[in-house]
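K.L.:
Following this message is one structure expressed as structure tokens.
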Amino acid sequence: MRTTRQRTAAAGLLVAVAISVTGCSSDSDDGPGGEKIEGAGSGKSAPPSSAASQQAEKNAPTFAFPSDLRVSVERDSTGDATRDAILRDAAYSAQANIEAFAKGDAKSANLSRYLGGSAFTYWSQQVADFKKEGLTLTGEYRYYDFKVTDVANAKTAAATYCEDQSKAFSKEIKSKKVLRTKASDKSYVLYTLQVAKDAAGDWQVTQQSWKKGDASCVQG
């Protein structure tokens with residue numbers, strides 16, 4: 001997700017190789033979560049690419065992105081109901097994070113719904129700090145290659161996904177100036193998640209780490 005100023009991850013988060021929270025297409029480690037986030041794309045959120053993920057789902061969240069911000073999700077069905085639910089909610093958590101940064105809302109309903117524990121504490125603080133810096137997001141964020149790597153007792157699990165920030169930038173709220181950066185391998189980020197099923201049945205991200213420029217995510 002961004003132009004990111006490297007910050008120490010909150011206690012309980014997995015060790016991050018590099019912070020990339022908001023959409024950053026630069027070599028600097030500033031991003032959502034207390035770093036300069038370079039926002040993404042243009043337009044409202046794009047529908048997922050797969051037929052399964054395009055289907056209307058019960059109790060699905062609604063995301064409100066600025067007109068100059070586009071968020072797309074490419075997620076295929078695994079054929080397993082539990083794994084599909086985990087990846088669906090992992091995608092929702094990514095969208096909720098971007099929405100919170102774009103709106104400057106550290107306590108947004110979607111962020112609270114799909115992030116919990118230390119992950120929510122960390123990201124909500126990053127959103128608040130980003131807003132204080134007078135920044136928002138613009139451009140395009142793309143999420144792809146969603147995978148479940150472990151499931152324990154159908155209550156906790158681990159997953160990964162990739163983020164493409166190559167067309168995502170931070171934008172100054174007052175001046176509307178877009179803080180453009182050059183795309184590089186570091187524009188592609190691998191996220192590793194630990195998730196837990198809450199009382200409402202949602203899979204919340206409770207711990208998260210990320211690595212910019214990971215070979216498994218780099219494209220182009």
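K.L.:
How far apart, in nm, are two points set 7 Å out from the Cα along the Cα-to-Cβ line at A183 and at A196?
P.N.:
3.8 nm
K.L.:
How large, in percent, is the carbon and sulfur part of the accessible surface of the stretch 106-220 at a probe radius of 1.4 Å?
P.N.:
On the stretch 106-220, the fraction of accessible area on carbon and sulfur atoms equals 50 percent.
K.L.:
Same structure, new question: Just reorder T181, T156 by solvent-accessible area, largest first, 1.4 Å probe, all chains present.
P.N.:
Of T181, T156, the descending order of accessible area is T156, T181.
K.L.:
Averaging sequence separations of C-alpha pairs under 8 Å and six or more residues apart, then dividing by the length of the stretch 101-220, give the relative contact order as a whole percent.
P.N.:
24 percent
K.L.:
Semi-axes of the equivalent ellipsoid for the stretch 100-169, please: Cα gyration tensor eigenvalues, times 5, square-rooted, ordered largest first, whole Å.
P.N.:
Its equivalent ellipsoid spans semi-axes of 25, 18, 8 Å.
K.L.:
Still on this structure, I have one more. Hey, which lysines would be in cross-link range of K58, C-alpha to C-alpha under 27 Å, not counting anything within fewer than 8 residues on its own chain?
P.N.:
Of all the lysines, those that pass the test against K58 - Cα under 27 Å, at least 8 places apart if same chain - are K44, K103, K107, K147, K155, K197.
The values are calculated or read from the model by the stated rules, or taken from the named source; none is laboratory data. Remember, it's a predicted structure, so these values are computed and weren't measured experimentally. All Cβ positions, even for glycine, are placed from backbone atoms using ideal geometry, and neighbour counts span all protein chains on display. The protein model used for the area step is the full one, side chains on, heavy atoms only, and it has no ligands, DNA or RNA in it. Shrake-Rupley method; radii C 1.70, N 1.55, O 1.52, S 1.80 Å.
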